[in-house]
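The values are calculated or read from the model by the stated rules, or taken from the named source; none is laboratory data. Bear in mind that the values here come from a model prediction, so they are computed numbers and not experimental data. Methodologically, a virtual Cβ is constructed for each residue, glycine included, from the backbone with ideal geometry; neighbour enumeration extends over all protein chains shown. Heavy atoms of the whole protein, side chains included, go into the accessibility calculation; ligands, DNA and RNA do not. Shrake-Rupley method; radii C 1.70, N 1.55, O 1.52, S 1.80 Å.
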Amino acid sequence: MFKKIICIFIAVSFVFIAALSFAEEKNPDRKSSEKLIADIKFSPLLFLASPDSRRVAYIAENEKKKFVVVDGEKGKDYDFIASGLLFSPDSKHIAYGAQKDNKFVVVVDGIEGKTYDSIGSAIVFSPDGQRLCYSVRAGNKGFVVLDGMEGKKYDGIGTSLVFSPDSKRMAYGVKSDNNCFVVVDGREGKKYDSISSSIVFSPDSKRVAYWAQLGGKRFLVVDGHEGKHYDAVGNTIVFSPDSKRIAFLVLDGNKCFLVIDGQEGKRYDAVGKTILFSPDSKRTMYSAQSGKKRFAVIDGKEEKYHDGMGTTTVFSPNSKRFAYVAQKEKKYSVVIDGKDGKLFDAIGNGSLVFSPDSNHVAYSAQSGNKRFVVINGKEEKQFDDIGNKSLVFSPDSKYLAYVAQLNDKQFVVVGAREEKFYDNIMILTMGRIVFDSLDRFHYLAVMNKGVYLVSVKIGNN
């Protein structure tokens, strides 16, 4: 839905911000400031913003050599930037894979690690940003490098390298002598014919789950205990926020169903890949299909039938409300608490959000060639485009920030007033709108080959 703009000096697309106030005043006091954090001296091949939207990095090429520029500082030349340019979750570190003279190395904060014959596609920081893991190959053996230490060598390493939420544990899949198994905290699990590419820790970091296969049958393995065998088990495995419940998708014969807390649900012709627990862990929601009808299943109860279902389903923060996208013929609406909203030509994928106090619902929509945000059923100002996944409420639920586009320019809107235009607002490149307080937020913007940290104060506080 979101139309991409390609800047003449950045070969990626960006979107931009707008902020709307639920306060009664139409033109709240507003102050903004800019700080230049990097000059773009080379043509970026890939641009990346840090999770806190305060740092930038990009891959560039000059005289057939590739390199990474971090916060305006050029790194070492390489033959190729191989994989995984990423910031740590705390935005303090940056890592990527590089190739030189037919050898590969992982570079962390500009410092090279040991060289190997190849490195895997996944370089993973722990959630606290203090640990790093990646897979490599030396000769005919593969192994992980965790915190700079080489692990045991195997025939192959899977693509899923997973830290627990508390950053203390690590799990990954391996292949050895035609057997597959999961290594958790350095301990090898039971050997199987195959294992899933998805390994999942519970939110409290105490439990780990994945599917495994033996003799043509698949089953869930949770904390080393095997569950019932089925024809197939999907990669969608979900723990509840309190870590006490677990749900996964099963294909048995020509029917699909969910298994929640060990209980098999109703059989359907199809089940959506999104399985959602409410924040209080008491409720569940997913989409399903019987015949030509699609519908949401909430707490085991089938909702109203529709012609189609979107991929976005959300519970409110207080777990009392729900919303999802539904289709009627060639039109789309948002269903909120069981009530169908107005039909539009399109609903922005991933745009549906509740406010922190659960009182407001917002999403982006399209009618004709115009896009706009709908807040509590009210259509706001029309733009040429809206950034689908950019919508974010302030912590007190008073303001909504989102990305919009008009006449190929990008700008911030507070109430009815438009802010300064920029060439790009860095949202599609992992950047985001960050509220620093109830009435202050910041974002990254590009203007005249400079990247700026833009801070905005809204309201009278």
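Tabulated data for the structure shown
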| quantity | calculated |
| --- | --- |
| Top-ranked residue in region 430-444 [being part of a strand (DSSP E or B) and either of a type in the set (D, E, K, R) or free of Cβ contacts under 8 Å to residues at least 40 places away in the same chain (or both); ranked as farthest from residue 55 (Cα to Cα)] | 440 |
| Selected residue (criterion: nearest to residue 207 (Cα to Cα)) from residues of region 232-260 that are in contact with a Ser or Thr (Cβ under 9 Å, 6 or more places away or on another chain) and not in a strand (DSSP E or B) | 243 |
| Options 221, 314, 297; residue that is open to solvent by 20 Å² or more (accessible area, probe 1.4 Å), modelled with pLDDT of 95 or more and assigned to a strand (DSSP E or B) | 314 |
| Sole exception among (1) on the phi > 0 side of the Ramachandran plot; (2) open to solvent by less than 60 Å² (accessible area, probe 1.4 Å) for residue 147, by number | (2) |
| Any hit, region 273-290, residues being touching a Ser or Thr at 6+ places or on another chain (Cβ under 7 Å) and either under 24 Å from residue 385 (Cα atoms) or aromatic (Phe, Trp, Tyr) (or both) | yes |
| Index of the failed condition, residue 205 passing every other in (1) closer than 30 Å to residue 76 by Cα; (2) open to solvent by less than 20 Å² (accessible area, probe 1.4 Å); (3) part of a loop (DSSP other than H, G, I, E, B) | (1) |
| Count of residues meeting criterion [open to solvent by less than 60 Å² (accessible area, probe 1.4 Å) and either under 17 Å from residue 305 (Cβ atoms) or in a strand (DSSP E or B) (or both)] in region 329-364 | 15 |
| Qualifying positions in region 243-259 - in contact with a Phe, Trp or Tyr (Cβ under 9 Å, 6 or more places away or on another chain) and open to solvent by 30 Å² or more (accessible area, probe 1.4 Å) | 245, 251, 252, 255 |
| Yes/no for residue 59 being touching a Leu at 6+ places or on another chain (Cβ under 6 Å), within 29 Å of residue 419 (Cβ to Cβ) and part of a strand (DSSP E or B) | no |
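Results for (1) out of contact with any Gly (no Cβ under 7 Å at 6 or more places or on another chain); (2) at positive phi; (3) modelled with pLDDT of 95 or more, shown as yes or no for each residue.
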{"position": "18", "(1), (2), (3)": "yes, no, no"}
{"position": "28", "(1), (2), (3)": "no, no, no"}
{"position": "46", "(1), (2), (3)": "yes, no, no"}
{"position": "84", "(1), (2), (3)": "no, yes, no"}
{"position": "101", "(1), (2), (3)": "yes, yes, no"}
